[in-house]
1. Return yes or no: is Ala79 exposed (fewer than 13 other Cβ atoms within 10 Å of the Cβ), modelled with pLDDT of 50 or more and among the hydrophobic types (A, V, I, L, M, F, W, C)?
2. Count, please, the residues in region 81-113 that happen to be over 22 Å from Pro126 (Cβ atoms) and either touching a residue at least 12 places away in the same chain (Cβ under 8 Å) or touching a strand residue (DSSP E or B) at 6+ places or on another chain (Cβ under 8 Å) (or both).
3. Of the conditions (1) free of Cβ contacts under 8 Å to residues at least 60 places away in the same chain; (2) buried (at least 16 other Cβ atoms within 10 Å of the Cβ); (3) more than 24 Å from Gly241 (Cα to Cα); (4) not small (Gly, Ala, Ser), Val148 satisfies every one except a single condition; which number is it?
4. Would you say Asp135 is surrounded by 20 or more Cβ atoms within 10 Å (Cβ to Cβ) and either more than 16 Å from Ala200 (Cβ to Cβ) or in contact with a Gly (Cβ under 8 Å, 6 or more places away or on another chain) (or both)?
5. Every residue in region 76-124 that is closer than 23 Å to Leu198 by Cβ and of a type in the set (Val, Ile, Thr), please.
6. Would you point out which residue out of Val104, Val74, Val85 is of a type in the set (Val, Ile, Thr), assigned to a loop (DSSP other than H, G, I, E, B), at pLDDT 95 or above and more than 30 Å from Pro180 (Cβ to Cβ)?
7. Collect the residues in region 132-186 that are charged (D, E, K, R) and under 27 Å from Leu89 (Cβ atoms), keeping them in residue-number order.
8. Inside region 135-233, counting only strands (runs of 3 or more DSSP E) that do not spill past its ends, which hold 3 or more residues that are closer than 30 Å to Val115 by Cβ?
Amino acid sequence: MRITSSGPRTVPHDGTMGIMFEFLRRRRGHGISAPVSRSDGQQARERADMFWQRWQELLPEVSAALGDGEPHRVDHQLAEALALVHPDLTFSLERGEQAIHALVVSSRADPELRVYTDAWKAAAPPSDSQWEYHDAVPAVPDPTQVTVNLHGTAYPLAEVRVAPQVDTAAGLIDVAVYHPGFAALADAERRALTFLPLEATLGERLAADRVGRVETAEREPQDAIGLLEFRDLVRELDAGGPGRDETDTTGKSEMDARPGE
């Protein structure tokens with residue numbers, strides 16, 4: 001489960017990296033999604049309304065399960081309800097950023113599903129002190145306060161360094177990711193520790209829209225930056241700013257990297 005508290009937290013490696021791997025495969029394989037027809041949009045809105053009606057019916061049971069510390073008790077019911085919107089959407093119950101709880105629905109950055117998550121969010125009830133609603137996995141407020149636990153060993157994300165290359169024409173940033181713990185990890189765990197900081201720092205949607213090629217650096221690239229500075233850079237690019245110059249080759253001559261996929 002993702003942790004969004006501002007204090008230091010430990011996140012177990014539990015398969016959540018699938019979102020990051022899939023968004024890269026899908027965006028590169030499928031490109032821009034087809035235009036959404038009026039009938040598709042209407043169908044998505046009708047399905048979203050069905051979900052929120054079911055959510056209100058399930059809410060007492062969901063609240064009781066969370067109060068007992070057993071959120072898994074309502075996994076099946078919520079999965080069935082979300083399938084009313086689209087069977088390929090996923091969900092999680094998280095600690096809220098402003099409210100106590102958050103319901104997070106994800107398309108795994110599949111552009112074909114954006115019409116359904118958009119309709120789901122548009123039909124959501126207003127956030128209150130108990131619940132808030134997200135149509136994509138949000139960024140962690142401060143990723144440098146997160147620690148990833150891999151097989152009993154702690155890997156602080158504060159030690160992650162990122163070497164970005166900005167392609168302003170394409171609106172993408174290619175990155176090489178380094179952590180001093182990479183050398184002790186097998187390939188699968190090294191890939192996980194490459195991608196998890198990007199999702200934690202940017203959130204699902206911004207990462208899907210703006211991250212291009214991802215590499216795992218075996219040595220720290222020259223002039224690499226921390227995660228918070230990297231987030232500022234990506235947000236600047238997303239807002240239409242220049243980011244770093246697109247001809248910047250920061251760390252390329254010093255970097256010994258392998259593909260992150």
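1. Values: exposed (fewer than 13 other Cβ atoms within 10 Å of the Cβ): no; modelled with pLDDT of 50 or more: yes; among the hydrophobic types (A, V, I, L, M, F, W, C): yes.
No: the conditions fail for Ala79.
2. 10
3. Going through the list (1) free of Cβ contacts under 8 Å to residues at least 60 places away in the same chain; (2) buried (at least 16 other Cβ atoms within 10 Å of the Cβ); (3) more than 24 Å from Gly241 (Cα to Cα); (4) not small (Gly, Ala, Ser), Val148 breaks only (1).
4. When the stated conditions are applied, Asp135 passes them.
5. Residues satisfying the conditions are Thr90, Val104, Val105, Thr117.
6. Only one candidate passes the filter, namely Val85.
7. Matches in region 132-186: Glu132, Asp135.
8. Passing ranges, in order: 172-178, 211-217.
The values are calculated or read from the model by the stated rules, or taken from the named source; none is laboratory data. These numbers were taken from a predicted model, which means no experiment stands behind them. FYI the Cβ positions are ideal-geometry reconstructions off the backbone, even for glycines, and counts take in every protein chain you see.
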